[in-house]
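This is the structure, below, for whatever I ask next.
The values are calculated or read from the model by the stated rules, or taken from the named source; none is laboratory data. Note that the structure is predicted; figures quoted are calculated from it, not measured. For neighbour counting, all protein chains shown are included, and Cβ atoms are generated from backbone atoms with ideal geometry for every residue, glycine included. Only protein heavy atoms, including side chains, enter the accessible area calculation; ligands, DNA and RNA are left aside. Shrake-Rupley method; radii C 1.70, N 1.55, O 1.52, S 1.80 Å.
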Amino acid sequence: MYKTLYQSKNEVRLLRIHPVPENQPQENVQGHPELVSCSLEIHSLDDQDLKFDALSYVWGDSIQVLPVFIDGKVFLVTRNLFEALETFRNNNTLPSLLWVDAICINQQDSQERNHQVTLMARLYSQAEKVRIWIGPE
């Protein structure tokens, strides 16, 4: 799922949350919300025209996970992150691009994770908005 990031280009992954198609209800026939669908894009922080938001949130209980689709594949996220993504999508408050550490950083790759952590201050300072998510209330 993760494509290689080039450290020399200060590359990061950014998430694009897809809206629910107009002809599709937000809930499926069983009354459950449709899964959040997203895609990952690679961008350089050196791009002066780059516009994105960053999400700051509490990761929450790592045992309580829910699925989202990223590039057509199931990806498990904590309930708190799921609720944030779902709320942005359902309330039509979609940022065009969003940086979310748990998704945009390959958490299984320690070398990438360590490098991306060094970019976090820059990510938050370059973001147009830093969205704070405590919970749905």
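Being at pLDDT 90 or above, touching a Pro at 6+ places or on another chain (Cβ under 6 Å) and either closer than 20 Å to residue 5 by Cα or not in a helix (DSSP H, G or I) (or both) narrows it down to one residue among 74, 130; which is it?
Values: 130 fails: touching a Pro at 6+ places or on another chain (Cβ under 6 Å).
One residue alone meets the criteria, 74.
While we're looking at this one, here's another question. Of all residues being of a type in the set (Asp, Glu) and part of a helix (DSSP H, G or I) in the range 81-127, which is farthest from residue 57 (Cα to Cα)? Just the residue, please. Working first, answer last.
Going residue by residue through the range 81-127, those that are of a type in the set (Asp, Glu) are 83, 86, 101, 109, 112.
Retained after the next criterion (residues that are part of a helix (DSSP H, G or I)): 83, 86, 101, 112.
Numbers: 83: 11, 86: 14, 101: 10, 112: 21 Å.
Checking each candidate, the answer is 112.
Please give the number of the condition residue 47 fails out of (1) surrounded by 15 or more Cβ atoms within 10 Å (Cβ to Cβ); (2) part of a loop (DSSP other than H, G, I, E, B); (3) not hydrophobic (A, V, I, L, M, F, W, C).
Checking residue 47 against (1) surrounded by 15 or more Cβ atoms within 10 Å (Cβ to Cβ); (2) part of a loop (DSSP other than H, G, I, E, B); (3) not hydrophobic (A, V, I, L, M, F, W, C), the one that fails is (1).
Determine the pairs where a residue that is touching a residue at least 12 places away in the same chain (Cβ under 8 Å), located within the range 111-134, has a partner that is part of a helix (DSSP H, G or I) and surrounded by fewer than 17 Cβ atoms within 10 Å (Cβ to Cβ) with Cβ atoms under 6 Å apart, the partner being 6 or more residues away or on another chain.
115/7; 130/124
Separate question: If a residue must be open to solvent by less than 80 Å² (accessible area, probe 1.4 Å) and among the basic types (Lys, Arg), how many such residues does the range 114-137 contain?
Adding up the residues that qualify gives 2.
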